[in-house]
Amino acid sequence: MGHDHKAFLSLFYEAIVNDPRIGPLHISLYVTLYQLWLTNNSQKALRVKRREVMEFSKISSSATYHKYLRELVEYGFITYYPSSDPGKGSEVYFRAGDERDKDACSVSVHGRK
């Protein structure tokens, strides 16, 4: 990974300061994912379950969750690999500024748990 634990949150905040696309739900979702990543010993891949992330980020609608998750992917803040296995959970990777600039990732997040 090459970045310390605080770097991802700091880079995120630096990146969103002047980004009009980012709103409170993006921030809530990102911070929730980040906290889960820290809680899970900062493994390279974070395994998440939609319901848990929605509960912690205070997002009540699946459609809203998927919209903001998809936008975080499109804007280059995370990489997301959905899983059709609810027991396994989907994978989330945090992307640092240099990685965000290199390669955008577009992954469909609709209809995944």
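The values are calculated or read from the model by the stated rules, or taken from the named source; none is laboratory data. The shown structure was predicted, so the numbers you read here are calculated from the model rather than taken from an experiment. Neighbour counts are summed over all protein chains in view; Cβ atoms, including those assigned to glycine, are modelled from backbone coordinates with ideal geometry.
A count restricted to region 22-66 and to residues that are modelled with pLDDT under 95, farther than 14 Å from Ile78 by Cα and not in a helix (DSSP H, G or I) stands at 5. Selection of region 44-97 for residues being of a type in the set (Val, Ile, Thr), in contact (Cβ under 8 Å) with a residue 40 or more places away in the chain and more than 12 Å from Tyr30 (Cα to Cα) yields only Val48.
Each residue in region 4-18 was checked for being exposed (fewer than 12 other Cβ atoms within 10 Å of the Cβ) and modelled with pLDDT of 90 or more, and 1 pass. Among residues of region 67-93 being of a type in the set (S, T, N, Q) and touching a Phe, Trp or Tyr at 6+ places or on another chain (Cβ under 9 Å), the one that is surrounded by the fewest Cβ atoms within 10 Å (Cβ to Cβ) is Thr79.
Among the residues of region 11-21, those identified as assigned to a loop (DSSP other than H, G, I, E, B) and without any contact (Cβ under 8 Å) to a residue 12 or more places away in the chain are Val17, Asn18, Pro20.
The single condition among (1) modelled with pLDDT of 95 or more; (2) assigned to a loop (DSSP other than H, G, I, E, B); (3) under 19 Å from Ser83 (Cα atoms) that Leu72 does not meet is (2). Against the list (1) surrounded by 15 or more Cβ atoms within 10 Å (Cβ to Cβ); (2) under 11 Å from the mean Cα position of the chain (by Cα), the condition Gln35 fails is (1).
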